[in-house]
Amino acid sequence: MPNFRVKYAPKTLSDVVFPSENAKQIITDMVELKTLNHLILYGPYGTGKTTVANLIPNTIFSKTDSADCKFFSADSNSSVEDIRNLKPFVGGYCFEELGIKFVIIDEVDGLSLKAQHALRASMNFADENNVYFIMTTNHLDKLDGGLKSRCELIKFADFDSELWLPRAKYICEKEGITVQNDDDLLNLIANFGADSRVLMRALESVVRQANARASVV
């Protein structure tokens with residue numbers, strides 16, 4: 001059986017529990033109004049940055065495997081040459097009728113400073129071709145100032161337990177667990193929810209314990 005992190009992974013942006021209403025509003029407006037900018041999603045581990053970065057193009061293109069979206073992990077592709085190799089994609093043909101493309105760079109802080117400078121040049125070229133970069137980072141302070149100035153910065157660091165409550169209740173109910181007291185669930189979220197991966201494991205534990213008690217009875 002898949003763990004909760006896999007089983008309840010967001011399939012659409014509406015499934016995402018954003019860390020703040022502000023982050024949710026910015027992303028929602030951008031997708032619905034097609035007011036696109038280069039983005040940097042920044043904040044701690046487990047706050048949904050990479051998930052959202054992937055779901056933005058999927059939502060706009062209405063499919064998950066568009067040839068007009070390229071995923072790039074800076075953790076394993078960090079050289080200047082790796083960045084320059086993006087140019088054929090950036091300047092290439094658009095398959096979608098919208099005539100736009102996306103490059104997702106995960107953990108962009110993994111790029112060397114020289115590679116970040118090369119990325120700035122790629123972004124200038126992208127502006128001419130309706131290509132938008134969506135980048136994630138846990139360390140905004142490690143990014144070149146010129147790179148940051150080309151992007152809209154969206155903070156994934158605030159946390160409100162109330163925002164997680166509906167999703168947590170949904171998961172419990174899907175697992176056959178009736179939540180009798182919202183405060184108990186809110187306390188669980190407050191203790192673990194700043195990192196969604198940790199919270200998913202905590203919810204798994206709650207469900208296992210509930211099922212164990214039920215089997216004894």
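Only the coordinates and a few stated rules stand behind these numbers; no lab work does. All of these numbers come straight from a predicted model, not from anything done at the bench. Counting neighbours? That spans all protein chains shown, and the Cβs are built from the backbone with ideal geometry, glycine included.
Considering only Ile26, Ile189, Ile83, the Gaussian network model of the chain with Cα springs below 10 Å gives its largest mean-square fluctuation to Ile26.
One Cα centroid belongs to the range 179-215, the other to the range 15-30; the line between them spans 24 Å. Take every DSSP beta bridge whose two residues both sit in the range 4-155; close to 0 percent of them are antiparallel. A Gaussian network model of the chain, with springs between Cα atoms under 10 Å, assigns the largest mean-square fluctuation among Glu97, Glu152, Glu162 to Glu97. Cα-based radius of gyration for the range 1-56, normalised by 2.2 N^0.38 Å, reads 1.19. In this Cβ point-charge picture (+1 for Lys and Arg, -1 for Asp and Glu), the range 176-217 has a dipole of about 240 debye about its Cα centre.
Using R0 = 25 Å, the C-beta based FRET efficiency linking Ser112 and Ser149 works out to 0.85. A crude spin-label estimate for the pair Ser14 and Tyr93, with each label 7 Å from Cα along the Cβ direction, gives 3.5 nm. When only alpha carbons are used to place a centre, the range 36-94 and the range 99-167 end up 9 Å from one another. Distant-in-sequence amide contacts of Val131, defined by a placed amide H-H separation under 5 Å and a gap of 5 or more residues or a different chain, comprise Lys101. Once you sort the root eigenvalues of the Cα gyration tensor of the chain as a ≥ b ≥ c, which label holds: rounded (a/c under 1.5), prolate (a/b larger than b/c) or oblate (the other case)? Prolate.
Taking amide H as placed 1.01 Å from N in the peptide plane, the amide H of Glu152 sits under 5 Å from that of His38, Leu39, Ile40, each at least 5 places away or on another chain.
Computed extension length for Arg213-Leu186: 7.6 nm, one decimal, from 0.36 nm per residue of separation with the Cα-Cα distance subtracted. Simple spin-label estimate for Ser205 and Lys174 gives 2.1 nm between the two label positions (7 Å along the Cα-to-Cβ direction from each Cα). Other residues whose C-beta falls under 9 angstrom from the C-beta of Asp106 contribute a net charge of -1, scoring Lys and Arg +1 and Asp and Glu -1.
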